[in-house]
Amino acid sequence: MTNDGRPKGVSRIAVVLGALALCLTLIGGVYFAVGSERFSSFFDPSFKIPKQTSTASKGPQIGGPFELVDHTGAVRTNADFAGKFTLIYFGYTYCPDVCPTSLTAMTDALKSLGSKAKNIVPLFITVDPKRDTVEQLRMYISHFHPRMVGLTGTEEQIAKAANAFRVYFAKQKESTPGANDYLVDHSSIVLFMDQKGRFLTHFSHAVAADAMAERIRKFL
């Protein structure tokens, strides 16, 4: 034994390291015994355990109130479609291919459902209100389902509706300032909402009309 009580051959460094290891082991035990969040309160009295929240049971928060103008010039709000299922697509009439493909799929799916689709209203909401006037919308949607409703509005109204339905869109920079031949990037999904305006499901751009009809049929 040395004069300070250490066994011969054991350095002060070894003793310190051993004590440190023991301390860390004890701290680790407390950590796993009380949980990482509660453990923090041992060292910070002001620490508060965050409340646990879960939205899994509520489903996606998609949809909400809107006020727009339809292809006949009438003001329309979400309340006008209460009691009806709605099949909604955000796009624009100058879209070269994605929009007409999706609207055609919507049209064919509703035709495939036959009489079961009588309580479903297809909505086409423009993300390009500058060019998609009431007249432009009326001409455009005439090529698709006869009950399709085209909706436009001010830039603020469109932005509010898109935000409520979690739809992204962004105007691409014109090749020439003030030009009217620009494109608009946007989410290309079809949203299916219930009679109270609650989200049920969605369809990607690539979905076939038959597959869309089959999935919709399960909610009717």
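The values are calculated or read from the model by the stated rules, or taken from the named source; none is laboratory data. Here the structure is a predicted model, which is why all the values come from computation and not from measurement. Every residue, glycine as well, gets a Cβ built from its backbone with ideal geometry; the counts of neighbours run over all protein chains shown. Note: areas computed on protein heavy atoms with side chains; ligands, DNA, RNA excluded. Shrake-Rupley method; radii C 1.70, N 1.55, O 1.52, S 1.80 Å.
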Exercise. Name the residues in the stretch 82-122 that are of a type in the set (Ser, Thr, Tyr) and either in contact with a strand residue (DSSP E or B) (Cβ under 9 Å, 6 or more places away or on another chain) or touching a residue at least 12 places away in the same chain (Cβ under 8 Å) (or both), would you?
Worked result: 86, 89, 92, 93, 94, 101, 102, 104, 107, 112
Exercise. Can you find even one residue in the stretch 194-217 that is of a type in the set (Phe, Trp, Tyr) and part of a loop (DSSP other than H, G, I, E, B)?
Worked result: no
Exercise. Do you know which of the residues in the stretch 68-78 that are surrounded by 16 or more Cβ atoms within 10 Å (Cβ to Cβ) and in a strand (DSSP E or B) is nearest to the chain's Cα centre (by Cα)?
Worked result: 68
Problem set entry | the stretch 139-163, residues that are touching a strand residue (DSSP E or B) at 6+ places or on another chain (Cβ under 8 Å) and assigned to a helix (DSSP H, G or I) | 140, 141, 157, 158, 161, 162
Problem set entry | Leading residue by the ranking (most open to solvent (accessible area, probe 1.4 Å)) among those in the stretch 168-218 that are under 23 Å from residue 116 (Cα atoms) and touching an Asp or Glu at 6+ places or on another chain (Cβ under 7 Å) | 200
Problem set entry | Output for the stretch 79-102, where each listed residue is assigned to a helix (DSSP H, G or I) and closer than 12 Å to residue 149 by Cβ | 80, 81
Exercise. Between a first residue in the stretch 158-174 that is at negative phi and a second residue that is among the charged types (D, E, K, R) and open to solvent by 60 Å² or more (accessible area, probe 1.4 Å), which pairs have beta carbons less than 7 Å apart while being 6 or more apart in sequence or on different chains?
Worked result: 169/185; 170/185; 172/185
Exercise. How do the pairs read when you match residues in the stretch 123-149 that are within 11 Å of residue 107 (Cα to Cα) with residues anywhere that are surrounded by fewer than 16 Cβ atoms within 10 Å (Cβ to Cβ) and among the β-branched types (Val, Ile, Thr), using Cβ under 8 Å and keeping only pairs 6 or more apart or on different chains?
Worked result: 144/104
For this session: Please specify each residue of the stretch 134-167 satisfying the condition of being β-branched (Val, Ile, Thr) and either open to solvent by 50 Å² or more (accessible area, probe 1.4 Å) or more than 11 Å from residue 90 (Cβ to Cβ) (or both).
Result: 134, 141, 149, 152, 154
